[in-house]
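Structure, as structure tokens:
The values are calculated or read from the model by the stated rules, or taken from the named source; none is laboratory data. If you're wondering where the values come from, they're calculated on a predicted model, not measured in any experiment. Virtual Cβ from ideal backbone geometry, glycine too; neighbours counted across all protein chains shown. What goes into the accessible areas is simple: the full protein's heavy atoms, side chains included, and nothing from ligands, DNA or RNA. Shrake-Rupley method; radii C 1.70, N 1.55, O 1.52, S 1.80 Å.
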Amino acid sequence: MRDTHGWRRALLGAALLTCLAAVVACAVELGTTARTPGFLEVEWDGATTDTIDALIDGVVIAQVRDLDGRPMSSRFIRFTALPLGDDNRPGVFLAPLGLTPTQPTTQVTANTAGIAIAAVRLGTVPGRAGIWVTVFELEDSDTVFVDVLPGQAHQIQLAPRDTTIEVGSSFQMRYSLGDFYANPVEGTVTLTVTGAISLAGETVTGAALGTGQVFGVSGEVTDSVAVEVAAPAGGGA
């Protein structure tokens, strides 16, 4: 496992050293709090892509400065996850650096260099996830983006579920391969049958009175459904 907290602390230290160097060169006052915020600079640092639920190896870095360009300490910088998907779930979860991201929004106090950093865990919906960054009293805002990928195959969904057909009748078996949250993932699903049914491609046919099962397999992921085969409505076998 990589020492992500180590490089993030180094990143923060480097930012502070850069700001301190500017103070020495330009005699700029650090930690201004009484003035009005004038500038907000936001950037993403680190990996820009990972899978659902991952604590991504990257952070959101924001700096607030007053109208004269001086960094402002003790200002609250707010990080908000933009929604993803049809049900508007948070694209990511956030927390101040060093804490576990569990909420769709977090508020971080700027340090003496005017810098606030948020840690990010990816959400449960694949897509391009945005993180909106704002500062109180400042109309300006900025957004950074990360790409959320589906996870590994975790489930197969066969349809229809347990059903009844007549001898000689058929239906098309449908299936989908998904990650832990049923997001579609690429992969091959193999169908097999046992019992009173037969299979041709994806077509299941009632071969005899009784019960059959359809199995779907993709690697170690499996699912199955039961098919009851009954006599035709008009009688006979």
* Considering only residues that are among the acidic types (D, E) and under 18 Å from L149 (Cβ atoms), look in segment 48-88 and name the one that is surrounded by the most Cβ atoms within 10 Å (Cβ to Cβ). => D50
* Got a sec? Which of I165, I156, I131 is within 22 Å of G91 (Cβ to Cβ) and in a strand (DSSP E or B)? -> I131
* Asked: Say we look at segment 162-185 and pick out the residues that are under 36 Å from the mean Cα position of the chain (by Cα) and polar (S, T, N, Q); which of these is least open to solvent (accessible area, probe 1.4 Å)?
  -> N183
* Pairs, please: C-beta under 8 Å, at least 6 apart or cross-chain, first residue on the phi > 0 side of the Ramachandran plot and in segment 118-140, second part of a loop (DSSP other than H, G, I, E, B)? -> G127/G85; G127/G91; E137/T36
* Asked: When you scan segment 186-237, how many residues do you find that are open to solvent by 50 Å² or more (accessible area, probe 1.4 Å), among the hydroxyl-bearing types (S, T, Y) and farther than 12 Å from I165 by Cβ?
  -> 5
* With respect to R121, is the statement that it is closer than 30 Å to L40 by Cβ and open to solvent by 50 Å² or more (accessible area, probe 1.4 Å) true? -> yes
* Single residue of T194, T190 found to be over 16 Å from R174 (Cα atoms) and among the hydroxyl-bearing types (S, T, Y) -> T194
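Restricting attention to segment 89-117, and to residues there that are within 14 Å of the chain's Cα centre (by Cα) and in a loop (DSSP other than H, G, I, E, B), which single residue is surrounded by the fewest Cβ atoms within 10 Å (Cβ to Cβ)? Spell out the reasoning first.
Of segment 89-117, the ones within 14 Å of the chain's Cα centre (by Cα) are 89-94, 101-104.
In the following step, the residues that additionally are in a loop (DSSP other than H, G, I, E, B) were identified as 91, 101-102, 104.
Values: G91: 26, P101: 22, T102: 10, P104: 18.
Looking at residues that are within 14 Å of the chain's Cα centre (by Cα) and in a loop (DSSP other than H, G, I, E, B), I get T102.
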* Say we look at segment 128-161 and pick out the residues that are polar (S, T, N, Q) and within 30 Å of S218 (Cβ to Cβ); which of these is most open to solvent (accessible area, probe 1.4 Å)? -> Q152
